[in-house]
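A.B. asks: Starting off with a structure, shown below.
Derivation of every value follows stated rules applied to the coordinates shown; laboratory data play no part. Here the structure is a predicted model, which means the values were calculated and not measured. FYI the Cβ positions are ideal-geometry reconstructions off the backbone, even for glycines, and counts take in every protein chain you see.
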Amino acid sequence: MTARIKKGDLVQVIAGKDRGEKGRVLQVVRADLILVEGVNRVKRHQSPRRFKEAGIVEKEMPIHASNVMLVDPKTEERTRVRIEADKKDPNKRVRVAVKSGSVLD
């Protein structure tokens, strides 16, 4: 099954405290949770580890996938994603931006 949001995609937050922010997907935690660069940052108190110092660190926390939309690379606007069969290889599925019709994969 093809995922609608993948690691490295540029997304925009559409709900929550960081609404309007854009960032790259750092990690897909589960099918419904993603980690976005610079979004949903929290401060955590960290105890010392072998190669990490103790102190207060700021890091990104996962955000629900329904609260973000993919940014279309052609128009730089947010868009929905459609899954279609590839024109070259009908057995392969690709992601297509709904607004511009451009292939994302």
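A.B. asks: From zero up to wherever the largest Cα-Cα distance of the chain sits, split into 10 Å bins and tell me the percent of pairs in each.
C.D. replies: Final binned percentages: 15, 39, 27, 12, 7, 1.
A.B. asks: Still on this structure, please answer the following. Using only the alpha-carbon atoms of region 17-56, report the extent along each of the three principal axes, biggest first, to the nearest angstrom.
C.D. replies: So the three principal-axis extents are 34, 22, 14 Å.
A.B. asks: Rounded to whole Å and sorted largest first, what semi-axes of the equivalent ellipsoid does the C-alpha gyration tensor of region 34-83 yield via the square root of 5 times each eigenvalue? Mind dumping the intermediate values first?
C.D. replies: Numbers: eigenvalues 227, 22, 17 Å².
Its equivalent ellipsoid spans semi-axes of 34, 10, 9 Å.
A.B. asks: Positive end of the dipole of the chain, charges at C-beta (+1 Lys, Arg; -1 Asp, Glu), about the Cα centre: which of Met61, Val96, Gly38 has its Cα farthest in that direction?
C.D. replies: The residue sitting farthest along the positive end of the dipole is Met61.
A.B. asks: Going down the table (Lys59/Lys92; Lys43/Lys74; Lys6/Lys87; Lys17/Lys74; Lys22/Lys87; Lys22/Lys52), which pairs top 25 Å between alpha carbons? Walk me through the intermediate numbers first.
C.D. replies: On the way: Lys59/Lys92 37 Å; Lys43/Lys74 35 Å; Lys6/Lys87 21 Å; Lys17/Lys74 27 Å; Lys22/Lys87 31 Å; Lys22/Lys52 29 Å.
With Cα atoms farther than 25 Å apart: Lys59/Lys92; Lys43/Lys74; Lys17/Lys74; Lys22/Lys87; Lys22/Lys52.
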